[in-house]
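J.: Have a look at this one before I ask anything.
The values are calculated or read from the model by the stated rules, or taken from the named source; none is laboratory data. Keep in mind it's a predicted model, so treat the numbers as computed, not measured. Quick reminder, even Gly has a Cβ in these numbers, built from the backbone with ideal geometry, and neighbours come from all protein chains shown.
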Amino acid sequence: MDISLEHTCNGIPVITEKIKGTISSGFLVAVRTGSRDESKDIGGISHLLEHVVFRGTKKRTSLQISKEIEGAGGEMNAFTSKEMTAFYGITLKETADIAKELVADICVNPLIAENDVELEKKIVLQEISMWENDPDSYIHKLFAETLWDGHELSQNEAGETDIVSKLNSGTLKEYFYERYKQPNIAVMACGSVDPADVKEWAEKNFDDVGEGKKIIRRPPVRTGSAYRLYTRKGDHTYTGMGFHAYPADHPDRATLRMLTAVLGAGMSSRLFQSIREEKALVYSVFSTIDQNTDAGSMAAYMSSTENNVMNAINTAADVMKELRDNGLHKGELDRARNLLKGATARSLESTDRRMYRLTKSFMLTGKAEPFSKDLDALDNVTDEDVMRVADDIIRSKKLNIAVYGKKTKELSKMTIDQMDI
């Protein structure tokens, strides 16, 4: 495994991870613009544009793009997050030139035709509807709205139906020609790739795109607590509860991962054992972290019947407080460490997962480091580190709770203070 970071003649970062023995090659273009970079009147435009560029370019129709990439034994895809939009192609190493050509084509030459925009809007609006009707996913949006309270980080990637439905090709083109330029572009490659070849490809295709709008972000200043009840029909209730935490480049990011794992990663975690196994209050419960360039969070998510929700929330609060006040159990940190290391290793056995990790790391921290650094960081976390971070993060003044369910008497009266964390 060999990671290199170079720049094209015009300053575009080119990050390459060469993996010995692999038979696939992946190429990705990341653009530093996402849902947090959208004004209210164009919310969801990054995600819609991500879809539309695949509809056709000045050289190819969408069908031709599909035939070429599949004929090369590969696939093309893209993703939009709060802080970036990325497009990639992965093929067999002997057909890598096709992946490079197609990725460059959709990122530089998209038609963004009105008819294509209207067709793709129909698909995206169905995607939004599907997501809104999946409460297990929708609770993440509601928790972000509660946590960030009006800040741009509260804006979801898909956008809102009433805004997306009004977007048109003119608006998308303006956004594309403003954002998809330097200094917002970075190039990644992973697998059976040659750094010199990737740099030459990047220079040939992206050095002449010109200067665009530099993205300037407003860091969130809200660090307080909040509780919001979002009503829905049905007997099942969905809860997100967690804390403001650390950004992606924070020195304690590995320790935060370990704390999160102890709380809610896997069936041996404290939340799973206390809430599901011992009390049978939920079907699923887990914890996760969300990190951005200038802010982050640690949260637990669970779903329960209407009759169990208050007990589940109170139990989760008790578990968090008990960990902070009384420390780790014998062997608990090592179990969590190995769980995270195993998950990291498994996730990096594919070219696309490695490329995703490399992209996320560079775009959020500006660093391009091998995953062995992640493993080393986990190895260096001590019990004392975890307790120090727990003492900092697990506090009522930082606790936010979003509940998506019926407006019961108990939920209507609930407050953060009664959690007593």
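J.: Quick one: which of ASP105, ASP149, ASP116 is over 22 Å from GLY89 (Cα atoms), surrounded by 14 or more Cβ atoms within 10 Å (Cβ to Cβ), touching a residue at least 24 places away in the same chain (Cβ under 8 Å) and not assigned by TED's automatic domain parsing to the domain that holds LEU364?
T.: ASP149
J.: Next question. Residues that are modelled with pLDDT of 95 or more, surrounded by 15 or more Cβ atoms within 10 Å (Cβ to Cβ) and of a type in the set (S, T, N, Q): does the stretch 371-392 have at least one?
T.: no
J.: For the list (1) over 30 Å from LEU348 (Cα atoms); (2) out of contact with any helix residue (DSSP H, G or I) (no Cβ under 9 Å at 6 or more places or on another chain); (3) not hydroxyl-bearing (Ser, Thr, Tyr), I need the number of the one condition that LEU364 fails.
T.: (1)
J.: On to the next question. Could you check how many residues of the stretch 218-246 are surrounded by 16 or more Cβ atoms within 10 Å (Cβ to Cβ) and more than 23 Å from ALA317 (Cβ to Cβ)?
T.: Final tally of qualifying residues: 1.
J.: Let me ask something additional. Every residue in the stretch 174-213 that is small (Gly, Ala, Ser) and not in a helix (DSSP H, G or I), please.
T.: Within the stretch 174-213, ALA186, ALA189, GLY191, SER192, GLY210, GLY212 meet the criteria.
J.: Any idea which of (1) surrounded by fewer than 18 Cβ atoms within 10 Å (Cβ to Cβ); (2) within 21 Å of the chain's Cα centre (by Cα); (3) part of a loop (DSSP other than H, G, I, E, B) is the one LYS59 doesn't satisfy?
T.: So LYS59 meets the others, but not (2).
J.: Same structure, new question: Could we say that LEU28 is touching a Leu at 6+ places or on another chain (Cβ under 6 Å) and within 30 Å of ILE216 (Cα to Cα) here?
T.: no
J.: In addition: When the stretch 406-421 is examined, which residues are found to be crowded, with 18+ Cβ neighbours inside 10 Å and either of a type in the set (S, T, N, Q) or in contact with a Lys or Arg (Cβ under 6 Å, 6 or more places away or on another chain) (or both)?
T.: Result: ILE421, single match.
J.: Of all residues in the stretch 29-58, which are of a type in the set (A, V, I, L, M) and farther than 14 Å from ASN168 by Cβ?
T.: Answer for the stretch 29-58, where residues must be of a type in the set (A, V, I, L, M) and farther than 14 Å from ASN168 by Cβ: VAL29, ALA30, VAL31, VAL53.
J.: Looking for something surrounded by fewer than 18 Cβ atoms within 10 Å (Cβ to Cβ), under 27 Å from the mean Cα position of the chain (by Cα) and part of a loop (DSSP other than H, G, I, E, B) - is there at least one such residue anywhere in the stretch 72-87?
T.: Looking for residues that are surrounded by fewer than 18 Cβ atoms within 10 Å (Cβ to Cβ), under 27 Å from the mean Cα position of the chain (by Cα) and part of a loop (DSSP other than H, G, I, E, B), one finds none in the stretch 72-87, hence no.
J.: Let me ask something else about it. Any residue at all in the stretch 6-26 that is among the basic types (Lys, Arg), assigned to a strand (DSSP E or B) and surrounded by fewer than 24 Cβ atoms within 10 Å (Cβ to Cβ)?
T.: Yes: one or more hits.
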